[in-house]
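A short write-up of the structure that comes next.
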Amino acid sequence: MTNSRRIAIDAMSCDHGAKVAVEASLAFLQRNKTSDIVLVGKQDDLEVFLFQHAAYAALKHRIQVLHAGSIVEMSDKPSRVLRQKQDSSMAEALKMVRHGEAEAVVSGGNTGALMALGRSILGTFHGVDRPAITKLFPSKSGGTLVLDLGATVDSSAEQLLQFALMGQILAQVIKNKPQASVALLNVGDEDIKGNEVVRLADALIKDTQEINYIGFAEGGDIFRGKADVLVCDGFVGNIALKSAEGAAGIILSGVKEFFDKNFYRRLLGRLVLPLMGDALRQLDPETHNGAMFLGLNGVVVKSHGSSSVAAFIHAIELAEREAAENLPEQINRILELASID
């Protein structure tokens, strides 16, 4: 290994096993010259996949294998993982960040287990009750961060305030903006709309001068780009995420079926599809793979469990960028300045 930044990959927990994680890691190293990779998992399995790739010989000095004794399954309950799988690839990857041996973790494993282990091993920032999961949705403004996407399904107003602060800092890093805008997701943009928790969060966020708050936003504003950050509880956010991914999948499938129907449409597709490439890529969930855990004392990125190699690379690149910007330290500093207790 070199003295570059290190990213720990939980290589065993995704649906397709270690193969995707290994291939994505090698491809990432070929693109990126400033970070190294530590593959965490069953050493024998990982080495078999590594030795199958011609690129491994040239990248051998930048990739390390760390053995882990167990694997977190998608069906495992978080409580069981905490008790019985502290030697898992997921846990060992997180421990590397805690001990300063890596700057970020990427996992395609069980979301609940990753959250539980993350809180147990890394801990949360002072003043943060619960971490939040967020990702960038495609929008007219270059992307909208939505949080929480499922970590806390029944958030309090104080937690929504914490999400707003953390989301704004992340948006400023990801979108390279000096002052990102924040809105609360609601059933309408009028002041009288929303349940008691949302209206209370609205009042709290308005009184927090560190937040560039623009008020309420509706579901469609996620894609219209009304704000850089939209804040909601995990129940609402997870439904929004799954709905958006489902709609995108139907559109992409419909486009493919249309141009595959007969010879003339396939010929038309050869002319038209290259012109539609950017728009179709914006719709493809794999292009936006990688959800970030905010509020933990370390960079943790969750990849889809069924990710392709290309999608997993996106998740690694996201983790590398967060680590390069030292995002957890930035969030912690702003939370302290804002005196969020």
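At 1.4 Å probe size, with the rest of the protein present, what percent of the exposed accessible area of the chain is carbon and sulfur atoms?
Working: 8050 of 15330 Å².
Within the chain, the accessible surface is 53 percent carbon and sulfur.
Using the Karplus curve 6.51 cos²θ - 1.76 cosθ + 1.60 with θ = phi - 60°, what ³J(HN,Hα) values do you get for each residue of the stretch 316-322, in whole Hz, with x for Gly and Pro?
Working through the residues one at a time gives 5, 4, 5, 4, 5, 5, 4 Hz.
Keeping all protein chains in place and using 1.4 angstrom, which order do K60, K135, K261 fall into by accessible surface area, from largest down?
Working: K60 115, K135 15, K261 145 Å².
I get K261, K60, K135, largest accessible area first.
7 Å from Cα along Cα→Cβ at both R321 and T208: what's the point-to-point distance in nm?
Once both label points are built, they end up 2.3 nm from each other.
Please give the calculated 222 nm ellipticity per residue for the chain, where each DSSP H segment of at least 4 residues contributes -39500 (n - 2.57) and the sum is spread over every residue; nearest 500 deg cm²/dmol? Kindly include the intermediate steps, with their values, before the conclusion.
On the way: 13 runs with 165 residues, N = 341.
Mean residue ellipticity, 222 nm, calculated: -15000 deg cm²/dmol.
Which value, to two decimals, describes the C-alpha radius of gyration of the chain once divided by 2.2 N^0.38 Å?
That works out to 1.02 for the chain.
Amide H to amide H under 5 Å from S155: which residues, 5+ apart in sequence or cross-chain, H placed 1.01 Å off N in plane?
Hits under the 5 Å cutoff: G234, F235.
What ranking do 74-80, 213-219, 298-304 get when scored by the average of other Cβ atoms within 10 Å per residue, highest first?
Most protected by this proxy first, the peptides run 298-304, 213-219, 74-80.
Filter the chymotrypsin sites (Phe, Trp or Tyr not before Pro) in the stretch 4-76 to those in DSSP coil with at most 10 other Cβ atoms within 10 Å of their Cβ, and list the result.
The qualifying sites: there are none.
Over the chain, with a Gaussian network built from C-alpha contacts below 10 Å, which listed residue (K140, K256, K193) shows the highest mean-square fluctuation?
So, out of K140, K256, K193, the one fluctuating most is K256.
What figure in square angstrom, to the nearest 10, would you give for the accessible area of D129 with a 1.4 Å probe?
70
Calculate one ³J(HN,Hα) per residue across the stretch 236-245 by plugging θ = phi - 60° into the Karplus curve 6.51 cos²θ - 1.76 cosθ + 1.60, and present them in order as whole Hz with x for glycine and proline.
5, x, 5, 5, 4, 5, 5, 5, 5, 5
Could you identify which residue out of L318, L66, L136 has the top mean-square fluctuation in a GNM of the chain using Cα springs shorter than 10 Å?
L66
Using the structure shown, list the pairs from K85/K135; K193/K226; K175/K302 with a Cα-Cα distance above 22 Å, or answer none.
K85/K135
Around L66, which amide H atoms from residues at least 5 apart in sequence, or from another chain, sit under 5 Å from its own amide H, with H modelled in the peptide plane?
Hits under the 5 Å cutoff: L39, V40, G41.
Counting only other residues whose beta carbon sits under 11 Å from that of D191, what net charge do I get with K and R as +1, D and E as -1? All intermediate terms of the calculation are to be shown ahead of the outcome.
On the way: positive: K193, R199, K206; negative: D189, E190, D202.
Its environment carries a net charge of 0.
Quick check: pseudo-label points 7 Å beyond the Cα along Cα→Cβ at S141 and S156, how many nm apart are they?
2.9
Which cross-chain or sequence-distant (5 or more) residues have an amide H under 5 Å from the amide H of T144, H modelled 1.01 Å from N in plane?
F137, S139
On a full-extension model of 0.36 nm per residue, what is the gain between N195 and R333, subtracting their alpha-carbon distance, rounded to one decimal in nm?
Extra length from N195 to R333 when fully extended: 46.6 nm.
Which FRET efficiency, nearest 0.05, do K177 and I250 yield, Cβ-Cβ r, R0 30 Å?
That gives a FRET efficiency of 0.40.
May I ask you to derive the FRET efficiency for R270 and F223 from their Cβ-Cβ distance with R0 = 25 Å, giving the value to the nearest 0.05?
Plugging the Cβ-Cβ distance into 1/(1 + (r/R0)^6) gives 0.30.
What percent antiparallel are the DSSP beta bridges of the chain, to the nearest 5?
25
Can you work out ³J(HN,Hα) from phi for every residue in the stretch 105-113, in order, using Karplus 6.51 cos²θ - 1.76 cosθ + 1.60 and θ = phi - 60°, giving whole Hz and x for Gly and Pro?
Computed from phi, the couplings for the stretch 105-113 are 10, 10, 9, x, x, 3, 4, x, 5 Hz.
The values are calculated or read from the model by the stated rules, or taken from the named source; none is laboratory data. Quantities reported herein were computed from a predicted structural model and do not represent experimental measurements. No Cβ is skipped: glycine too gets one built from the backbone with ideal geometry, and neighbour counts run over all protein chains shown. Just the protein is used for accessible areas: all its heavy atoms, side chains included, with ligands, DNA and RNA removed. Shrake-Rupley method; radii C 1.70, N 1.55, O 1.52, S 1.80 Å.
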